[in-house]
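The structure appears right after this line, and notes come after that.
The values are calculated or read from the model by the stated rules, or taken from the named source; none is laboratory data. Everything numeric here is computed off the predicted structure, so don't read it as measured data. When we count neighbours, we look across all protein chains shown, and the Cβ atoms used for this are built from the backbone with ideal geometry, even at glycine. When the accessible area is computed, the model is the full protein with side chains, heavy atoms only, and any ligands, DNA or RNA have been set aside. Shrake-Rupley method; radii C 1.70, N 1.55, O 1.52, S 1.80 Å.
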Amino acid sequence: MKGTTMSTDDATAAGSAAGQTDQPAFDTSRAHQARVYDYLLGGKDNFEADRAAVDAWLEVDPELPFTVRSNRAFLGRAVRYLTAEAGIRQFLDIGTGIPTAGNTHQVAQGIAPETRVVYVDYDPIVLAHARALLISSESGATEYIDANVRDTEKILDQASRLLDFTQPVAITLLALLHAVPDTDKPYDIVATLLDAVPSGSYLALSHAGSDLLDADKHDSLMGVADRMIQNKITYRSREQLAPFFDGTDLLEPGLVRVEEWRPDPGTVTTERSTLWGAVGRKK
C-alpha cells in the first residue's frame with residue numbers, strides 16, 4: 001500500500017496560518033529550524049538566512065554539526081529498536097523535517113515492511129518534499145499531515161485514518177519541543193498525544209539541554225536565536241525534561257545525551273552533543 005498526502009494545500013498555502021494553530025508565516029528572511037537542520041546535514045533546501053544563522057551559531061557552539069548528526073543517528077537506533085525488538089508497527093513522527101537518508105519509514109520498513117508511518121510537519125519546504133516520504137513498501141503505508149505540533153486534535157484525527165490507536169504506536173518528537181515555548185504548553189501537548197495511544201506504546205524524544213552548556217554559552221546562543229531564527233528556542237534541563245515521560249517507563253540507559261543512548265559498537269567518541277534523549281514505554 002503506497003501513501004498519499006492528506007493535505008490538499010500546496011507549498012505556498014502551507015506557509016499561511018489558515019486552518020493551523022499558531023502557524024508561522026513562510027519567511028525566508030529569517031532562519032527556520034528545519035532548514036538549518038537540513039543545511040547542517042548537507043542538504044540543499046535552505047536559504048541565505050539559514051546559512052548565516054548556522055555560521056553565527058558555530059562561532060559559539062562549534063559542536064553543533066556533531067549534535068545534529070548524533071540526533072539523526074539516535075532516530076535510527078531508536079526506530080530500529082522499536083521495530084526489531086519492541087515489535088512496533090506504527091509510528092507517528094512529528095516534526096519530521098526535510099527528508100534525508102534514513103527516514104523513519106525507510107528504517108522501520110527495512111525491518112518490517114508492513115509498518116505504517118504518519119509524518120507531521122508544517123514547514124512548506126517539508127510539504128513540498130512530502131512525496132519522498134510517501135514512497136512506502138507495498139505491504140506498509142505512509143501518510144503526511146500538514147500540521148503544527150500544537151494542533152494535537154488535527155494530528156490525532158488525521159493520523160487515525162492510517163494508524164490504529166487501539167494498538168501500540170511509537171511517537172517520535174526529535175529536536176522539536178525546544179521550539180515550543182512554555183507559553184504554548186509543551187507538557188500538555190505530549191500528555192495529549194500519549195493519552196491517545198494504548199499501554200505498550202512508546203515515546204522517543206530528544207531536546208536541547210540547558211544544563212549541557214555553561215551559562216555564558218547558553219546566553220550567547222539564545223542571543224543568536226532571538227536575532228536570526230524565527231522559531232523561539234527554549235533549552236530545558238534534564239530535570240525539566242523528565243515530566244515529558246510521565247506515565248512511561250524509561251528504557252535503559254534512561255535520559256542521556258543522544259549519542260549515549262544505546263550506541264552502535266565502535267561509535268564511542270570524545271565529542272559531546274547538547275541534546276538529551278530517551279525512549280519511554282507507556283505503562
Taking region 117-166 and the residues there that are basic (Lys, Arg) and more than 14 Å from the chain's Cα centre (by Cα), the one that is nearest to ILE94 (Cα to Cα) would be LYS154
Does region 62-70 contain at least one residue that is within 17 Å of the chain's Cα centre (by Cα) and either in a loop (DSSP other than H, G, I, E, B) or polar (S, T, N, Q) (or both)? yes
Count, please, the residues in region 101-123 that happen to be open to solvent by 10 Å² or more (accessible area, probe 1.4 Å), under 19 Å from SER137 (Cβ atoms) and either of a type in the set (Gly, Ala, Ser) or out of contact with any Ser or Thr (no Cβ under 9 Å at 6 or more places or on another chain) (or both). 4
For region 179-209 the number of residues that are farther than 22 Å from GLU252 by Cα, modelled with pLDDT of 95 or more and assigned to a helix (DSSP H, G or I) is 10
State all residues of region 92-116 that are more than 16 Å from LEU176 (Cβ to Cβ) and either part of a strand (DSSP E or B) or over 19 Å from the mean Cα position of the chain (by Cα) (or both); if no residue qualifies, say none. GLY110, ILE111, ALA112, PRO113, GLU114, ARG116
So which residues in region 246-283 are part of a strand (DSSP E or B), open to solvent by less than 60 Å² (accessible area, probe 1.4 Å) and not small (Gly, Ala, Ser)? THR248, VAL256, ARG257, LEU275, TRP276, VAL279, LYS282
Among the residues of region 152-163, is any part of a loop (DSSP other than H, G, I, E, B), in contact with a Pro (Cβ under 8 Å, 6 or more places away or on another chain) and farther than 18 Å from TRP276 by Cβ? no
Kindly establish whether THR166 is at pLDDT 95 or above, surrounded by fewer than 24 Cβ atoms within 10 Å (Cβ to Cβ) and not aromatic (Phe, Trp, Tyr). yes
Could you say whether any residue in region 131-139 is farther than 23 Å from LYS282 by Cβ, touching a residue at least 24 places away in the same chain (Cβ under 8 Å) and in contact with a Lys or Arg (Cβ under 6 Å, 6 or more places away or on another chain)? yes
Return yes or no: is GLU143 out of contact with any His (no Cβ under 6 Å at 6 or more places or on another chain), touching a residue at least 24 places away in the same chain (Cβ under 8 Å), acidic (Asp, Glu) and in a strand (DSSP E or B)? yes
